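Asker: The following block contains the structure, expressed as structure tokens.
FYI, it's all coordinate maths here, none of it is from the lab. No experiment lies behind these values; they were computed from the predicted model shown. Virtual Cβ from ideal backbone geometry, glycine too; neighbours counted across all protein chains shown.
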Amino acid sequence: MSNIAGAFQNGKAFIGFVTGGDPGIEKTEEFILEMVRAGADLVEIGIPFSDPIAEGPVIQRANIRALSSGTTVAKLFGLVEKLRRNIATPLVFLTYLNPVFSYGYDRFFSKCRETGVDGIIIPDLPFEEQGEVRDVSARHGVDLISLIAPTSEERIQEIVRTASGFLYLVSSLGVTGVRGEISTDLASMIAQVKKAQDRDGAPRLPAAELPAAKLPVAVGFGIHSPDQAAEIARIADGVIVGSAIVKIIEDHGKDAGRYIYEYVKAMKGAIGSIGL
């Protein structure tokens, strides 16, 4: 079983995101430990990049702060190595393809396995071009997590066939950022994803080509309040929050730890009893 699967075993999962190195590596370590202490079931660590095309202004600014502080891929591997001395919580890198390609696919995923990175999300890697990366990541036991967007309806069957870890359902078109309202018919999309993984659901793909086990579906992009989180958790297996946490860091800087703890505790509390 993937270490990521454990995040979804005890009810609805809360998945938090931080940009690695914002405002510094040591503070990122502190913030992640606070998130875990508050109940986060999985943590995404963003590798800062100069052109984060899927990110809204909040995370774009965090990328700039992290790069300005001297954050590198090597330092983030060091961060994960240190975190692994204290926590077993699943850790996932969110990165654009360029840093992985520049580091070298085999070297990158070998280092993931060595330090304890469980999975990777690459927003700018089209599904049709995942093959080469997927082969290398799988060889090193690192889950390549697939994204499903509101425009992915025609490809859901194909996406779930090769997915691993969990399925990241993007709630809205556009870039990351807090949204007052999410208008996408998420219930319908999740039903399609679940059916595509259901051997009894008469999918177009032969049963032999479907995943051996159903992957959990977590929803991200725009979620920021406990009420939103609870509403999403009623239909999904997990809730992903990024911009709201990064904004806390932007507002409070090096003192953000206690605010992150309180925020994550409230969000986890909102979804904790749903589905039990």
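Asker: Quick check: convex hull of the Cα atoms in the chain, volume per residue, rounded to a whole Å³? Please report the intermediate quantities before stating the final value.
Answerer: Working: hull volume 32.1 nm³, N = 276.
So the per-residue hull volume is 116 Å³.
Asker: If amide hydrogens are placed 1.01 Å from N in the peptide plane, which non-local residues have theirs closer than 5 Å to the one on Gly46?
Answerer: Distant-sequence amide H within range of Gly46: Val18, Thr19, Gly20, Leu94.
Asker: Please give the charge dipole size of segment 3-272, origin at the Cα centre, charges +1 on K and R Cβ atoms and -1 on D and E Cβ atoms. Round to the nearest 20 debye.
Answerer: Details: 28 positive and 34 negative charges, 122 e Å.
Computed charge dipole of segment 3-272: roughly 580 debye.
Asker: So for Val219, Val117, fewest C-beta neighbours within 10 Å to most, what's the order? Working shown, then result.
Answerer: Details: Val219 28, Val117 25.
Sorted ascending by nearby Cβ count, the order is Val117, Val219.
Asker: HN-Hα J couplings of segment 238-252 from phi, Karplus 6.51/-1.76/1.60, θ = phi - 60°, integer Hz, Gly and Pro as x?
Answerer: x, 10, 10, 10, x, 4, 5, 6, 4, 5, 4, 5, 4, 6, 10
Asker: Just rank Lys12, Lys214, Lys111, fewest to most, by other beta-carbon atoms within 10 angstrom.
Answerer: Working: Lys12 25, Lys214 16, Lys111 20.
Ordered from fewest to most neighbouring Cβ atoms within 10 Å, Lys12, Lys214, Lys111 come out as Lys214, Lys111, Lys12.
Asker: Taking Cα pairs under 8 Å and at least six residues apart, what relative contact order does the chain come out at, in percent? The partial results should precede the final answer.
Answerer: Working: 523 pairs, mean separation 69.3, N = 276.
Rounded, it is 25 percent for the chain.
Asker: If you don't mind, another one. Rank Pro90, Gly20, Gln60 by how far each Cα sits towards the positive end of the charge dipole of the chain (+1 on Lys, Arg Cβ; -1 on Asp, Glu Cβ) and give me just the farthest.
Answerer: Toward the positive end, the furthest listed residue is Pro90.
Asker: Sorting Met35, Met189 on the 10 Å Cβ count, fewest up front, what's the list?
Answerer: Values: Met35 29, Met189 23.
Least crowded to most crowded, the residues run Met189, Met35.
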